[in-house]
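The values are calculated or read from the model by the stated rules, or taken from the named source; none is laboratory data. For clarity, every value in this text was computed on a predicted model and none was experimentally measured. With ideal geometry, Cβ positions are generated from the backbone for all residues, glycine too; neighbour counts draw on all protein chains shown. Areas reflect the complete protein model, heavy atoms only, side chains present, ligands, DNA and RNA absent. Shrake-Rupley method; radii C 1.70, N 1.55, O 1.52, S 1.80 Å.
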2 protein chains.
Amino acid sequence: MQFSSKLIENAVGEIAKLPGIGQKTALRLVMHLLKAPEEQSEQLSKAIVKMRQDIKFCQKCHHISDEEVCNICQSPRRDGAIICVVEESQDVMAVENTAQYFGHYHVLGGVISPIEGIGPSTLKISELIRRIEKAKEEDEPIKEVILALSPTMEGDTTAFYLTKKLRAFEDLKITTIARGIPVGGELEYTDEVTLGRSIQARVSFAD
Amino acid sequence: MQFSSKLIENAVGEIAKLPGIGQKTALRLVMHLLKAPEEQSEQLSKAIVKMRQDIKFCQKCHHISDEEVCNICQSPRRDGAIICVVEESQDVMAVENTAQYFGHYHVLGGVISPIEGIGPSTLKISELIRRIEKAKEEDEPIKEVILALSPTMEGDTTAFYLTKKLRAFEDLKITTIARGIPVGGELEYTDEVTLGRSIQARVSFAD
């Protein structure tokens, strides 16, 4: 694409580096910013830089946080004996939005993916092990680890690896989130693997 | 949506102000920036602010430009006797990308739309009239004005208004870009108005 201005070209180039945004969309955003008041561009830029520079990761669960230890880990109303293991910080937000979980989290920072060169050592797996060990030493043992990973090849591999490692701890319950038909989903259009699993893992109707 | 961090919340809020970007997409972009090197966020922010602060509009054709007069208006290789009237700067880029036009442009900055409160005085229509008058005085008269507006209600209204105004100039040819079936389009799926116009405006096959 040809641009009449170097300034536009630079801005479009930078915006188009973001995932899912091509040159045409980037140009549309740039044109929007040009029409909008100058403060909007300034606020946008400030928010991005400040976010990137000042963001911290919770020392305990590795979730993004404004402080050294995140709100969830600090909260006295949450049950520290349960850890929900997730891939990314977005997953913590997704689980939090359900308002159905009141334990702590552990953000792995990805899943095992040999193709992308992500092995167990790249992830926060040893940190999870140490966290469980430390809790045991402090006489506040972790009772349950919930694996809330995506039901993909990589997610299942990671879950399998974690289960093998976590079995070393006695009295630690290892669970995984239920697979099944999404609420509001049509039975007829559900893939056979999901439907098969949801039949195998059927629950009593009173639940 | 709940965010664990004020910094994330601010950044997501600012990004979600952009057209076509919701909170979920904004969060995905923020997470991408968090994973990418810090320089990417800095470059993105700088490019946006610099673009917004330093951008100029060509004094002659009102196209976005890095200088007082844009490259197109300055170029000695372009025919200043033809003016292509477009709605926005994006349209100039679109026509430029065809590499089929070698005249000048005039960016109206919108189209007449009473619903949105855009009347003829909001647009650069009087500037276009003055430009044609000035060219006449300088003995370098404009020979042709091409109306390259969108074939919508607003675009057609604007074209009609402009034609009425421009008829006052003798020896000024007023043309509009051809409506018809897009190259690669299927005849069978073309709407009847477009197909009807393309039959009426049929051209000899040698063209």
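Angle, helix B:6-15 long axis vs. longest principal axis of chain B, Cα atoms, 0 to 90°, nearest 10? Between helix and principal axis, roughly 10 degrees. Angle of helix A:89-98 to the longest C-alpha principal axis of chain A, folded into 0 to 90 degrees and rounded to 10: 70°. For the peptide B:62-73, the mean number of other protein chain Cβ atoms found within 10 angstrom of a residue's Cβ is 2. When A and B come together, around 5100 square angstrom of accessible surface is lost from both chains combined, probe 1.4 Å.
Please identify every one of the chymotrypsin sites (Phe, Trp or Tyr not before Pro) in segment B:128-207 that sits in a loop by DSSP and has no more than 13 other beta carbons within 10 Å of its own beta carbon.
Details: sites: B:160, B:161, B:169, B:189, B:205; in loops: B:169, B:205.
For chymotrypsin sites (Phe, Trp or Tyr not before Pro) across segment B:128-207 that sit outside H, G, I, E and B with at most 13 neighbouring Cβ atoms in 10 Å, the list reads B:205.
When both segment A:1-80 and segment B:166-203 are represented by their alpha-carbon centers, they are found 44 Å apart. Within the straight-line cut-off of under 21 Å between alpha carbons, the lysines reachable from residue A:165 are A:60, A:124, A:134, A:136, A:143, A:173, sequence neighbours fewer than 8 places apart in one chain being disregarded. Taken along the Cα-to-beta-carbon direction at a fixed 7 Å, the label points for residue A:115 and residue B:6 span 4.2 nm.
Taking the Cα centre of segment B:78-174 as origin and charging only Cβ (+1 Lys, Arg; -1 Asp, Glu), how large is the dipole, in debye to the nearest 20?
200 debye
Within 10 Å of the Cβ of each residue in B:9-22, the mean number of Cβ atoms contributed by other protein chains is 5.
If you take each beta carbon of peptide B:79-87 and count the beta carbons of other chains within 10 angstrom, what is the mean? Write down the numbers at each step before the final one.
Values: counts 0, 0, 0, 0, 0, 0, 0, 0, 0.
Averaged over the peptide's residues, the number is 0.
For segment B:73-81, the Karplus equation 6.51 cos²θ - 1.76 cosθ + 1.60, evaluated at θ = phi - 60°, returns couplings of 5, 7, 5, x, 8, 9, 8, x, 7 Hz by residue, with Gly and Pro reported as x. The GluC sites (Glu not before Pro) of segment B:138-186 that meet both conditions, a loop assignment by DSSP and at most 13 other Cβ atoms within 10 Å of the site Cβ, are B:138, B:170, B:186. The chymotrypsin sites (Phe, Trp or Tyr not before Pro) found in segment B:83-132 that occupy coil by DSSP, while having at most 12 further C-beta atoms within 10 Å, are B:102.
Hey, got the dipole for segment B:100-141? About the Cα centre, +1 on K and R Cβ, -1 on D and E Cβ, debye to the nearest 20?
Value, rounded to 20: 140 debye.
Of all beta bridges that DSSP places with both ends in the protein assembly as shown, some 20 percent have antiparallel geometry.
Give, in nm to one decimal, the length gained when the segment between residue A:67 and residue A:202 is fully stretched (0.36 nm per residue of separation minus the Cα-Cα distance). Numbers along the way, then the final one.
Details: separation 135, 0.36 × 135 = 48.60 nm, distance 4.22 nm.
Stretched fully, the residue A:67-residue A:202 segment lengthens by 44.4 nm.
Per residue, the protein assembly as shown exposes an accessible area of 59 Å² to a 1.4 Å probe, with every protein chain left in place.
With both bridge residues required to lie in segment B:10-166, what share of the DSSP beta bridges run antiparallel, to the nearest 5%?
Details: 3 of 12 bridges.
Among the beta bridges of segment B:10-166, antiparallel pairing accounts for roughly 25 percent.
Give the ranking of B:6, B:50 by solvent-accessible surface, highest area first, calculated with a 1.4 Å probe.
Largest to smallest exposure gives the sequence B:6, B:50.
The residue among B:84, B:106, B:121 whose Cα reaches farthest toward the positive pole of the charge dipole of segment B:78-174, with charges on the beta-carbon of Lys, Arg, Asp and Glu, is B:121. Nonpolar atom fraction for segment A:77-176, defined as the carbon and sulfur part of the 1.4 Å probe accessible area, stands at 52 percent. Among the listed pairs A:56/B:46; A:56/B:50; A:6/B:50; A:24/A:50, a Cα-Cα separation exceeding 21 Å is found for A:56/B:46; A:56/B:50; A:24/A:50.
Suppose we look only past 28 Å in the calculated P(r) of the protein assembly as shown. What percent of the Cα-Cα pairs does that tail hold?
Details: 54629 of 85491 pairs.
When all Cα pairs of the protein assembly as shown are counted, 64 percent exceed 28 Å.
Rounded to the nearest 0.05, what FRET efficiency do residue A:144 and residue A:42 have when you use their Cβ-Cβ distance and R0 = 30 Å? Don't skip to the end; give the middle numbers.
Working: r = 47 Å, r/R0 = 1.57.
Using R0 = 30 Å, I get an efficiency of 0.05.
For the protein assembly as shown, the dipole from Cβ point charges (+1 on Lys and Arg, -1 on Asp and Glu) about the Cα centre works out to 240 debye, to the nearest 20.
Over chain B, dividing the summed -39,500 (n - 2.57) contributions of all DSSP H runs of at least 4 residues by the number of residues returns a 222 nm mean residue ellipticity of -13500 deg cm²/dmol.
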